[in-house]
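Worksheet for the structure shown next.
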Amino acid sequence: MSPISRGFHGRRRTPPGEEGRVPPGQYVTTDFPVLSAGPTPHTPTEKWTFSITQGGDTKKSWTWDEMRALPEENVTTDIHCVTRWSKLDTHWQAVSIDTLLAQVEHQAGYVLAFSDGGYTTNLPVQDVTGGQAWLAYGYDGGPLPPEHGGPARLLVPHLYFWKSAKWVRGLELLDHDQPGFWETYGYNMYGDPWKEQRYAGD
């Protein structure tokens, strides 16, 4: 299954002085390419929830209004897609994953993000804590559009962007690493753009 791209108008060179911000093998675009492995879900916010689960049990769940009542952060960050584009200085409105995980007791070493449409991706807990990851519901001062993962997506900008799961609905706490959707198709289990960890064995 291959990602579908639309609304993408080509490559642009890395702007002068920005080379140190762009990982190896990447090029900078001012567009925001849309890539997905299937149809775009459209979940109304009144039916949306986000849950933290473990062993089949829900440890904590939030409605849309409850999530939006949590402390909001404005995040400006660069993002890097495994298909080799990078977009600099993206602006998000989000709640920190630290804020969410602080509300449950656990000793998990990994999480598996799960989304509408059946998408999943795996992440070490140490990579979604310490101010490194967010649940993003706004982009550029407005609601996050469905084609970019709205109403809410994971934002883990230090890893390749497939780890920033679109349409995310929760995190499953795990005591072991477990491959998600793209990882089962040969993508790298971790996905560090600075090490070019695109595929298994990289």
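Rule-based calculations on the coordinates, nothing more; no lab input. As the structure is a computational prediction, the values presented were derived from the model and not from experiment. Positions of Cβ are backbone-derived with ideal geometry, glycine not excepted, and every protein chain shown enters the neighbour counts.
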Practice item. Provide the percentage of antiparallel DSSP beta bridges, counting only those with both residues in the chain; round to the nearest 5. Key: 85
Review point. Using only the Cα atoms of the range 47-98, what do you get for the radius of gyration and for Dmax, in Å?
Key: 14.9, 39
Check your understanding: At what distance in nm do the modelled label points of ASP89 and VAL104 sit from each other, each positioned 7 Å from its Cα along Cα→Cβ?
Key -> 3.7
Point to revise | Top positive-direction residue, dipole computed over the chain with Cβ charges, set PHE32, MET189, PRO143 | key: PHE32
Point to revise | Among (i) 19.1, 67; (ii) 16.2, 51; (iii) 16.9, 53, the entry derived from the coordinates for Rg and Dmax of the Cα atoms in Å | key: (ii)
Point to revise | Pairs of Lys in the chain closer than 26 Å at Cα, counting only those 8 or more apart or on different chains | key: 13
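Just rank TRP64, TRP85, fewest to most, by other beta-carbon atoms within 10 angstrom.
Working: TRP64 18, TRP85 22.
In order of increasing Cβ crowding within 10 Å: TRP64, TRP85.
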Point to revise | Amide H partners (placed H, <5 Å) of LYS59, local residues excluded | key: ILE52, THR53, GLN54
Practice item. Let me have the 222 nm mean residue ellipticity of the chain computed from DSSP H runs of 4+ only, each contributing -39500 (n - 2.57), with the sum over all residues rounded to the nearest 500. Key: -1000 deg cm²/dmol
